[in-house]
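Only one structure is covered here, and it is reproduced in the block below.
Taken together, the values in this text are just the output of simple stated rules run on the coordinates, not laboratory data. As the structure is a computational prediction, the values presented were derived from the model and not from experiment. In this analysis, Cβ positions are derived from the backbone assuming ideal geometry, glycine residues included, and neighbour counts consider all displayed protein chains.
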Amino acid sequence: MITIFTKKSKSFSQEGYRKTINELPFHKLSCTCKQKGTLIKHGYYDRSIKVSRFLFKLSILRVYCKSCKKTHAILPSWIVPYSRVLYHDHISIIYSYLNNLSFEPIMQSNLLIDEGNIRYIIRQYLSHWRERIASFDGEVDLSVTKSCFKHFSRQFMQIKRTANILFS
Ligand SMILES: [Zn+2]
């Protein structure tokens, strides 16, 4: 998969994603096989994401690489691969956990996130990411994305090892 870095991590919407895709310089885009300019649009698939009060269906672009013959999803940096919880909600949950803050405001701003989701995310953080972040003296905030791609070729809180590269 290929993640497109967007500064406004909260600008999540189909429209925002479509705009990002339309402005993408495809000829400059690298595939995970390291070839440049070999990706062509290949279709869309739906992913549901928890946004404030409802499950939001995001239609995600798939591209095909003419060189390695693989298909890849083009993801915005405001999502965490394989998770329905938005990237900024992951950050808020872990930040609150690390600073002993209440999770109430997070659950109030996103009614689809409950205590079970929060416990799950914290467990994933502790078993997969705490040591990784410590290994480069990182802080859990919105800026951690680039470091995680640089050091681990994954989005922060991405659990599966699928290769993921950042285009910024
Ligand atoms: Zn390729």
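A run of the chain free of exposed loop cleavage sites, with chymotrypsin sites (Phe, Trp or Tyr not before Pro) counted only in DSSP states other than H, G, I, E and B and at most 15 other beta carbons within 10 Å, reaches its longest extent at 6-81. Hydrodynamic analysis of the range 32-130 uses the Kirkwood radius over alpha carbon pairs. Inserted into Stokes-Einstein at 4 °C and 1.567 mPa s, it gives a translational diffusion coefficient of 84 µm²/s. Counting every other Cβ atom within 10 Å of each residue's Cβ, H90, H42 order from fewest to most as H42, H90. Based on the reciprocal of the average 1/r between different C-alpha atoms, the Kirkwood radius for the chain equals 16.6 Å. With both residues required to sit in the chain, DSSP beta bridges show an antiparallel share near 70%.
Normalised by the number of residues in the chain, the mean separation of alpha-carbon contacts (under 8 Å, six or more apart) gives a relative contact order of 25 percent. Applying a 4.7 Å Cβ-Cβ cutoff to the chain leaves C148 as cysteine residues with no disulfide-compatible partner.
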